[in-house]
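Following: one structure in structure tokens, then a few remarks.
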Amino acid sequence: METPFALIGRFLILTGLILILMGIFFYLAFKIPGFGKLPGDI
């Protein structure tokens, strides 16, 4: 049997990974539309 602490830890790890993936996705979504022509903005 797993302890509730282990279940909470796994849940937090999965949530963290999902948040990181979402952050990367939104970052790329905002960067790529102007990828071909950057208006002097890095």
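The values are calculated or read from the model by the stated rules, or taken from the named source; none is laboratory data. Small disclaimer: the values here were computed from a predicted structure and weren't measured. Backbone-built Cβ (ideal geometry, glycine too); neighbour counts: all protein chains shown.
For the reader, a short list of remarks on this structure follows.
- Residues that are among the charged types (D, E, K, R) and either part of a helix (DSSP H, G or I) or surrounded by 10 or more Cβ atoms within 10 Å (Cβ to Cβ) (or both), drawn from segment 1-16: Arg10
- Exclusive hit being surrounded by 10 or more Cβ atoms within 10 Å (Cβ to Cβ), out of contact with any strand residue (DSSP E or B) (no Cβ under 8 Å at 6 or more places or on another chain) and either of a type outside the set (S, T, N, Q) or at pLDDT below 90 (or both), set Gly23, Gly40: Gly23
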